[in-house]
Every structure is written in structure tokens, then in C-alpha cells.
Amino acid sequence: MSIIHQYLDLAVSLAHEAGAYARGAKNDTLEIQSKTNDFDLVTHVDKHNEELLKNGVAKHFPSHDFLGEEGTRTQKYSEVKWVVDPIDGTLNYAHGLPIWCISIGVEVSGVIECGVIYDPSREEIFTSIRGEGAYRNGERITVSTHNDPSRSMYVTGFPYNISENPYNDIERFERFLRRGLIIRRLGSAALDLAYVACGRFDAFYEGGLSPWDSAAGSLLVREAGGKVTHFDGKEYSIYKKSIIASNGIQHEYIEELVRGESFRM
């Protein structure tokens with residue numbers, strides 16, 4: 001077994017453990033706090049899961065770096081970094097809406113080599129290793145083959161400071177609506193990406209993401225045959241804010257629409 005497969009196996013095991021804890025927590029006992037504003041929430045489950053994931057990595061690979069959404073940073077200057085969202089979709093989770101997941105990406109020398117997205121509510125686990133494809137519950141998945149925007153479904157997300165509209169999100173969303181396109185907002189970027197990878201959505205875009213939002217999902221989309229870039233069409237990095245992930249066929253169309261240009265399929 002290669003070392004990357006060992007990383008993936010550990011990520012799957014830890015994701016299941018974190019998911020089981022989160023699913024077992026009772027909503028009426030959640031300890032909820034605000035982070036950047038009243039809408040940006042964190043629960044004690046997020047914090048517990050991040051500690052669980054950090055300790056699980058450290059137990060097996062004590063020299064590895066760790067980057068988590070809830071502030072956990074271990075800077076050991078390793079070439080391997082685990083990039084983790086202990087609950088992606090915390091607001092949904094806190095309200096009892098079953099659209100949330102655990103996301104784990106493993107970066108080696110600046111490249112995401114494997115990733116896991118686990119949805120405990122549906123018992124779906126999405127996995128990928130660079131160069132080896134993308135899978136849902138062990139079965140290979142691919143992006144959609146839709147090429148007609150009028151028959152496609154897209155998904156997006158908004159930052160918690162949407163009232164400041166820092167990325168022109170409202171205007172961008174309005175362009176999709178005015179063209180009569182079907183677009184959704186789920187509240188979990190990691191699941192948005194997983195759903196592009198398995199063909200449930202044809203494209204996803206968002207500005208203002210953090211590394212843990214897309215570390216696993218961006219690899220999933222690529223390994224499922226899709227395309228991932230920034231809004232400007234440049235090669236994607238989890239450390240830059242914007243993302244477009246698509247089935248590839250419609251990528252140029254989505255890029256132009258996101259930028260407010262006049263390209264048509």
C-alpha cells in the first residue's frame with residue numbers, strides 16, 4: 001500500500017469517527033457561539049471534531065502539519081499538510097438541516113494528493129486520490145455530460161459578510177436568475193463540490209472560500225473528469241478565494257457568466 005493510500009485510509013476512518021460524534025449530538029444541547037458575526041457560527045461539535053481529527057493525524061503521523069477551520073494550526077514544516085473542515089455547513093447543522101459534512105484534504109508539497117468528504121446524514125463518503133479517480137461509497141463517479149444550460153443545475157454560496165457584498169455576489173447571482181438558469185444554495189461548499197463530481201450539479205462557483213472548504217472537493221471534481229479554476233480562468237489553488245468547478249463542457253460559459261461577459265453556449 002502506498003503512503004497516499006495510507007493517508008486516505010486514515011482520513012476515511014477519522015471522518016467516520018467525527019461524523020458519528022456529530023450525528024449523535026443533540027441539537028438542544030449544542031453550545032453555539034458566533035465567530036466573525038452573528039451568522040458565522042461554531043458549535044462545541046466543530047471544536048471537538050477538529051481536536052479529534054488533529055489528534056488522530058498526530059497519532060499516526062506526528063510530523064505532519066495540520067490546518068483546521070476552527071483555528072488549529074500545527075506548523076512543523078512538513079511537506080505533508082492535512083487541511084480539515086470538522087463540520088462544513090455548521091449553520092445547517094446547528095439548525096438540524098441535514099446538509100453538512102466532514103471534509104479532509106491531504107496536501108503534499110503544495111499539491112492535494114487525496115481527499116475525503118463524508119456526509120453522515122446520507123451515509124455517503126466521497127473519496128479521491130490524485131490520478132486514481134473519484135468515488136462515492138466505493139463506486140466510481142463522473143461529472144455530468146450536460147451541455148445545455150437551460151437543462152442544467154448550478155449551485156453557489158455566499159460569504160457571511162454578504163451584506164457588504166465584497167465579491168459582487170448579489171449581482172453575479174442575479175445574472176444567473178435573469179437568464180432563467182436553475183441555481184441552488186445548499187450552505188456547504190464541500191458538498192457542492194462533491195455533487196458536481198458525481199453529476200448532481202453541473203457547476204459550482206463561489207468567492208471568498210477558505211482552504212478547508214475546497215481542499216478535498218476540488219480534487220474530487222478533477223478526478224471525476226471536471227475542471228476547476230478561479231474566476232479569471234487561472235489554475236486553481238485552495239489558498240486563493242474564488243472557485244469555478246464544472247463538468248468541463250460548460251466551464252467557459254460559467255466563467256463568462258460569473259465575470260459578467262456575454263459568452264453563450
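The values are calculated or read from the model by the stated rules, or taken from the named source; none is laboratory data. Note that this is a predicted model, so its numbers are computed, not measured. Quick reminder, even Gly has a Cβ in these numbers, built from the backbone with ideal geometry, and neighbours come from all protein chains shown. To get the accessible areas, we keep the full protein, side chains included, count just its heavy atoms, and leave off ligands, DNA and RNA. Shrake-Rupley method; radii C 1.70, N 1.55, O 1.52, S 1.80 Å.
Within the bounds of region 242-255, is there any residue that is among the aromatic types (Phe, Trp, Tyr) and either open to solvent by 20 Å² or more (accessible area, probe 1.4 Å) or under 22 Å from Arg140 (Cα atoms) (or both)? Give the steps one after another, and end with the answer.
Here is the first cut: in region 242-255, the residues among the aromatic types (Phe, Trp, Tyr) are 253.
Okay, now just the ones that are also either open to solvent by 20 Å² or more (accessible area, probe 1.4 Å) or under 22 Å from Arg140 (Cα atoms) (or both), so none.
The answer is no; no qualifying residue exists.
Return the residues of region 89-110 that are in a loop (DSSP other than H, G, I, E, B) and over 15 Å from Ala194 (Cα atoms); say none if nothing qualifies.
Correct list: His95, Gly96, Leu97, Pro98, Ser109, Gly110.
Within region 220-241, how many residues turn out to be farther than 13 Å from Val143 by Cβ and without any contact (Cβ under 8 Å) to a residue 60 or more places away in the chain?
11
Search region 73-103 for residues being touching a Lys or Arg at 6+ places or on another chain (Cβ under 9 Å) and more than 17 Å from Ser214 (Cα to Cα), and hand back the single one that is modelled with the highest pLDDT.
Pro98
For region 80-110, give me the residue count where each residue is open to solvent by less than 20 Å² (accessible area, probe 1.4 Å) and within 16 Å of His60 (Cβ to Cβ).
The total comes to 5.
Of the residues Ser152, Ser210, which is of a type in the set (Ser, Thr, Tyr) and out of contact with any Leu (no Cβ under 9 Å at 6 or more places or on another chain)?
Being of a type in the set (Ser, Thr, Tyr) and out of contact with any Leu (no Cβ under 9 Å at 6 or more places or on another chain) holds for just one of Ser152, Ser210, which is Ser210.
Can you find even one residue in region 216-225 that is crowded, with 19+ Cβ neighbours inside 10 Å, out of contact with any Cys (no Cβ under 8 Å at 6 or more places or on another chain) and in a loop (DSSP other than H, G, I, E, B)?
no
Could you tell me which residue of region 232-265 is farthest from Ile182 (Cα to Cα), considering only residues that are at pLDDT 95 or above and among the hydrophobic types (A, V, I, L, M, F, W, C)?
Ile238
Of all the strands (runs of 3 or more DSSP E) wholly in region 111-159, which have at least 3 residues that are more than 22 Å from Gln250 (Cβ to Cβ) and either β-branched (Val, Ile, Thr) or open to solvent by less than 10 Å² (accessible area, probe 1.4 Å) (or both)?
111-119, 124-129
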